[in-house]
1. Show me the three semi-axes of the equivalent ellipsoid for segment A:7-131, from the C-alpha gyration tensor (sqrt of 5 times each eigenvalue), largest first, rounded to whole Å.
2. Nearest 500 deg cm²/dmol is fine: what mean residue ellipticity at 222 nm does the protein assembly as shown get from its DSSP H runs of n ≥ 4 alone, each adding -39,500 (n - 2.57), divided by its residue count?
3. Using a simple spin-label model with points 7 Å from Cα along the Cα→Cβ vector, what separation in nm is obtained for residue A:58 and residue A:80?
4. Residue farthest toward the positive end of the dipole of chain A, with Cβ of Lys/Arg at +1 and Asp/Glu at -1: which of A:85, A:114, A:63?
5. Based on DSSP H assignment, which helices of chain A show an axial Cα extent of at least 15 Å together with a mean Kyte-Doolittle hydropathy greater than or equal to -1.0?
6. Run the numbers for residue B:66 and residue B:125: contour at 0.36 nm per residue of separation, minus the present Cα-Cα distance, in nm.
7. Threshold 20 Å², probe 1.4 Å: give the residues of segment B:95-112, in number order, that are less accessible with all protein chains present than with their chain alone.
8. Work out which residues of segment B:61-85 lose at minimum 30 square angstrom of accessible surface when the other protein chains are put back, relative to the chain isolated, with a 1.4 angstrom probe, and list them by number.
Number of protein chains: 2
Amino acid sequence: MNGTEGGESRAALPEDPCQVREVLGIVGDKWSLLIVRHLSEGPRRFSELKRAVDGISQRMLTVTLRGLERDGILTRTVRSVMPPHVSYELTPIGRALRGATAPLLEWSITHLTHIDAARAEYDARPDTPPA
Amino acid sequence: MNGTEGGESRAALPEDPCQVREVLGIVGDKWSLLIVRHLSEGPRRFSELKRAVDGISQRMLTVTLRGLERDGILTRTVRSVMPPHVSYELTPIGRALRGATAPLLEWSITHLTHIDAARAEYDARPDTPPA
DNA sequence: CGGTATCCAACTGGATACTG
DNA sequence: CAGTATCCAGTTGGATACCG
């Protein structure tokens with residue numbers, strides 16, 4: 001078939017495990033994608049994001065924004081006036097990221113109902129461990 | 001331009017935050033995507049996955065497989081022979097998930113070098129907190 | 001306004017030992 | 001072979017208080 005060795009083509013995966021790890025390290029946390037999502041609408045201030053990303057603590061907003069800035073996914077612009085004005089904006093890479101997550105979100109939208117049903121069915125199965 | 005109301009289009013996001021949370025709850029953990037990735041090559045046995053997904057513990061392989069089975073992303077087939085033979089295979093939804101993650105992986109492949117550079121530059125900036 | 005610092009509870013996941 | 005059970009270290013992230 002397509003194997004170059006005699007086996008069953010075990011090592012033919014297009015990307016390596018490291019890439020999967022890396023991308024999860026960037027966006028696999030609780031808040032990053034939510035922030036990127038909101039910034040896809042345009043630049044936003046700290047307090048705007050705080051209000052938009054529901055339930056996020058001040059600490060986590062700061063920490064997550066710093067991480068995304070460090071990775072070059074967004075930029076942080078400080079206007080040293082009184083009161084302070086800090087604006088966050090996606091970089092081209094950040095916008096590409098947002099686009100790259102779209103299919104995953106679409107998958108989620110398409111299959112969420114089915115997944116919830118699968119869960120309910122699984123949990124209702126008599127041979128399933130109760131906890 | 002593209003705004004349908006007079007303001008700055010604050011609530012025009014196509015998907016809601018809940019979807020983002022949900023999809024991260026499914027694939028945002030350390031191992032799920034790695035397992036889905038390997039199963040995209042075809043059905044695999046427990047011990048095959050254990051060897052293929054480098055570094056995973058027996059416990060986490062079991063736990064993650066159970067979660068993916070519960071969500072209807074893969075099926076678990078037991079052949080009660082001696083020794084036991086358990087095979088895992090992606091469902092159509094699982095295969096769709098694999099496809100939906102492809103752009104994200106591509107994004108990662110395309111921009112990883114740039115991201116690493118951005119990190120190094122950020123960490124080298126004199127005004128950056130050392131820890 | 002936009003943070004930083006500290007503390008701490010909950011969860012994640014690795015190591016190890018045992019089982020049908 | 002394919003798990004389960006237990007223990008425990010490390011990380012995540014929420015609450016709170018304070019600062020420039």
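1. Numbers: eigenvalues 245, 93, 36 Å².
Equivalent ellipsoid of segment A:7-131: 35, 22, 13 Å, largest first.
2. -18000 deg cm²/dmol
3. Rounded to a tenth, the inter-label distance reads 2.2 nm.
4. Of the candidates, A:85 comes out farthest on the positive side.
5. Values: long enough: A:17-27 (16 Å, 0.90); A:58-70 (18 Å, -0.37); A:92-124 (46 Å, -0.05).
Within chain A the helices that satisfy the rule are A:17-27, A:58-70, A:92-124.
6. In short, 16.8 nm is gained.
7. The answer is B:96, B:97, B:98, B:100, B:103, B:104, B:105, B:107, B:108, B:109, B:111, B:112 - residues whose exposure falls by at least 20 Å² when every protein chain is included.
8. B:69, B:70, B:71
The values are calculated or read from the model by the stated rules, or taken from the named source; none is laboratory data. Keep in mind the model is a prediction, meaning the values are calculated, not measured. Please note: Cβ atoms are built from the backbone with ideal geometry, for glycine as well, and neighbour counts cover all protein chains shown. Heads up: the accessible areas ignore ligands, DNA and RNA and are worked out on the full protein's heavy atoms, side chains in. Shrake-Rupley method; radii C 1.70, N 1.55, O 1.52, S 1.80 Å.
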